[in-house]
Amino acid sequence: MISEEAQSSFAHIFKSAVTTNFCDYYNDMCEIDVIDDHKEITEAEFSVLTITSTSFRFLTLLHFDTNESTIKYFANGSLTDQEHDDDNDAFLDQILEFCNLACGAMNRHLNDHYTYSGMSTPYVLTRPCLDFITDLNPGYIKHYRITINPSLILHATLCVCNFGNVDFSIDKSKADEITGELQML
């Protein structure tokens, strides 16, 4: 069983990690809204972020299309059309790096309550794989629309599979920090 407080905490951890990385790192506006109809999620691919503890597996799926607006956003406008045509791998590297930063932020929050948790390396799957998410028998699943500067819309799915009772509460007033950037002192 996953308590309501734990569900709220997972949602807050996710929203905090995404908004911190988009708003603070990219200096953009970011709104995250719950959606009731998962059929709104039409993107062709999704990255999978996994954090696992002895009590649960927390999966975050970031849905995206490999289209011009998404590529330009994650490339921060630095890819030319020729580079876009030649190097789809560079785009995937950039979006997966964002996912890695967000996953790290979520894991730091969870480490306050679950000492033994680990993250997987983000990877990309295609839309047909999404149909099998229910085979994981999740105790909690929620879908979100992420609107950035309102020109880019992405979607996300949170999925928590529990191996026992999951009940914790995070301090929602705690300030988030950007980490993962190298600093020279």
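The values are calculated or read from the model by the stated rules, or taken from the named source; none is laboratory data. Because the structure is a prediction, the values reported are computed rather than measured. Cβ placement follows ideal geometry from the backbone for every residue including glycine, while neighbour counts extend to all protein chains displayed.
If I filter segment 123-134 for residues that are in a strand (DSSP E or B) and hydrophobic (A, V, I, L, M, F, W, C), do I get at least one hit? The answer is yes, given that some residue of segment 123-134 is in a strand (DSSP E or B) and hydrophobic (A, V, I, L, M, F, W, C).
State whether the residues of segment 138-153 include one that is free of Cβ contacts under 8 Å to residues at least 60 places away in the same chain and either among the aliphatic types (A, V, I, L, M) or touching a Phe, Trp or Tyr at 6+ places or on another chain (Cβ under 7 Å) (or both). Among the residues of segment 138-153, at least one is free of Cβ contacts under 8 Å to residues at least 60 places away in the same chain and either among the aliphatic types (A, V, I, L, M) or touching a Phe, Trp or Tyr at 6+ places or on another chain (Cβ under 7 Å) (or both), which makes the answer yes.
Given the criteria of a type outside the set (S, T, N, Q), under 22 Å from THR20 (Cα atoms), surrounded by 14 or more Cβ atoms within 10 Å (Cβ to Cβ) and modelled with pLDDT under 90, does ASP176 qualify? Before the answer, list the steps.
Numbers: of a type outside the set (S, T, N, Q): yes; under 22 Å from THR20 (Cα atoms): yes; surrounded by 14 or more Cβ atoms within 10 Å (Cβ to Cβ): yes; modelled with pLDDT under 90: yes.
Yes, satisfied.
Starting from residues that are small (Gly, Ala, Ser) and modelled with pLDDT under 95, keep the ones in segment 9-19 and report whichever is surrounded by the most Cβ atoms within 10 Å (Cβ to Cβ).
Initial filter on segment 9-19 (small (Gly, Ala, Ser)): 9, 11, 16-17.
The next check asks that each one be modelled with pLDDT under 95; those that pass are 16-17.
Values: SER16: 20, ALA17: 23.
Step by step, filter segment 9-19, then rank; the result is ALA17.
With respect to THR147, is the statement that it is at pLDDT 90 or above, in contact with a Leu (Cβ under 9 Å, 6 or more places away or on another chain) and within 21 Å of MET29 (Cα to Cα) true?
Here the answer is yes, as THR147 does meet what is asked.
If a residue must be surrounded by 13 or more Cβ atoms within 10 Å (Cβ to Cβ) and either free of Cβ contacts under 8 Å to residues at least 24 places away in the same chain or under 22 Å from PHE132 (Cα atoms) (or both), how many such residues does segment 20-39 contain? Total satisfying the criteria: 3. Given the structure, is THR157 on the phi < 0 side of the Ramachandran plot and touching a Leu at 6+ places or on another chain (Cβ under 8 Å)? Considered against the rule, which asks whether it is on the phi < 0 side of the Ramachandran plot and touching a Leu at 6+ places or on another chain (Cβ under 8 Å), THR157 comes out as yes.
Note on segment 81-119: residues that are of a type in the set (Gly, Ala, Ser) and either assigned to a strand (DSSP E or B) or modelled with pLDDT under 90 (or both) amount to 3.
Just to check your reading of the model, which residue among ARG127, ARG145 is charged (D, E, K, R), farther than 25 Å from ALA6 by Cβ and in contact with an Asp or Glu (Cβ under 8 Å, 6 or more places away or on another chain)?
Details: ARG145 fails: farther than 25 Å from ALA6 by Cβ.
Among ARG127, ARG145, only ARG127 is charged (D, E, K, R), farther than 25 Å from ALA6 by Cβ and in contact with an Asp or Glu (Cβ under 8 Å, 6 or more places away or on another chain).
Residues in segment 39-58 that are over 17 Å from ILE146 (Cα atoms) and of a type outside the set (Phe, Trp, Tyr): THR50, ILE51, THR52, SER53, THR54, SER55, ARG57.
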